[in-house]
Amino acid sequence: MNLLVVLALVPLIWRLAIQFLPAQWTELYAYWDADVLNDGLARWTNMGYWDDASSFSEAGEALARRLLSFANVPRLDNVLDVAHGSGDSLLLHLESNPKHLTAIASLPSDTEMAQERVNQWFLEHAGKTDITWYTGSASVRPNKDFDHPLYPMRGFLGESSSQAEGEEAEQVVFDDHDETAAPKAVEHKPLPGSEPYDLVYILDALYHFPPSRGSFVDSVLPNLRPGGVLAYTDILAPPSYAAFPGKLFANFLSMMLRVPAANLAAGLTVEEYEARLRNAGYNAKVEDWTAHVLPGFSANLKGRGGVWWLTGWLVEKGADNGWKCVAVRAQRPL
């Protein structure tokens, strides 16, 4: 068989294979060792905001706090954090004591770690936040993922929910009604936290969500209250990736990094990205944070030596060739 044909088939074979492999084998961040990267108790895994930061932990927290500040949401009654990792960003949200916090992670180990850390936080702080935990894909499948935090009719369909308030999560299951009982008026109320979100917060992860960032962003809009905000950081590939031969390299990176090819091959400028969000129905603001993120991230990794040095070098070359890190604030109109 022609070698070029074999190489061309590699992405297809990989995409088929990962459907049958456990998430812990194929999830990129399962190998991104938070213990090695951080010092102390922190377990940040984002690329960091490196102005005035002297360590990976400081930079990771700085990016998380800066994104929360950039979101600029005065009312935080109901918050959804997607891809929270080991839970550092959840602890950040708890500082503002929201009424309800929903946490999505793709790895069971991340959910377990985050639950332990949140429970410990409640032992040390006063707070009455209800928490719903969800382990699974960030992307909702219509007519399938009825218990997903972004399912449009969540809370009204009798699904299960896990909550915690400074203690072990307790599962609540809604039973079927007794058909022999006399009919009576029923007041349909959503589950706690199933009201529209004030903030959907995604730190350095949205570019991984299938099938594309566009479809995910579209799914969030109806789940926001009027004035609610979707806030996230994202990576933009150079515009050259939208055409051949850049598109071939985008497909290769898609396979290696578990990033949907549509997110890499879009080739959007910051201005085009913002325009697409507006066309999707948001009031949008996109800022270029590349200079604050990629150089410091690269330098920190290179300073560790070994395979970390190689990763840092690749980040450096990516920045030199036009890759960008942006912050996005997308608000549902009032």
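With an 8 Å Cα cut-off and a minimum separation of 6 or more residues, compute the relative contact order for the stretch 230-334 in percent.
Details: 154 pairs, mean separation 40.2, N = 105.
Computed over the stretch 230-334, the figure is 38 percent.
With both labels modelled 7 Å from their Cα along Cα-to-Cβ, the residue 143 to residue 288 distance reads 4.4 nm.
Quick one: plug the Kirkwood hydrodynamic radius of the stretch 204-334 (C-alpha pairs) into Stokes-Einstein at 4 °C, 1.567 mPa s, and report D in µm²/s. D = 83 µm²/s.
Full extension of the chain segment joining residue 117 with residue 317 gains 68.4 nm, where the gain is 0.36 nm per residue of separation less the Cα-Cα distance.
Among 255, 153, rank each residue by its count of other Cβ atoms within 10 Å, from fewest to most, as a rough exposure measure. Please report the intermediate quantities before stating the final value.
Values: 255 16, 153 10.
Ordered from fewest to most neighbouring Cβ atoms within 10 Å, 255, 153 come out as 153, 255.
Across the stretch 212-226, coupling constants 3J(HN,Hα) worked out from phi with the 6.51/-1.76/1.60 Karplus curve, θ = phi - 60°, read 6, 4, x, 5, 5, 4, 4, 6, 7, 3, x, 8, 8, 6, x Hz, and Gly and Pro carry x.
Every read-out reported here was derived from the displayed coordinates using simple, explicitly stated rules and does not represent laboratory data. Fair warning: this is a prediction, and the values are worked out from it, not measured in the lab. Glycine also receives a Cβ, built like all others from the backbone with ideal geometry; neighbour counts cover every protein chain displayed.
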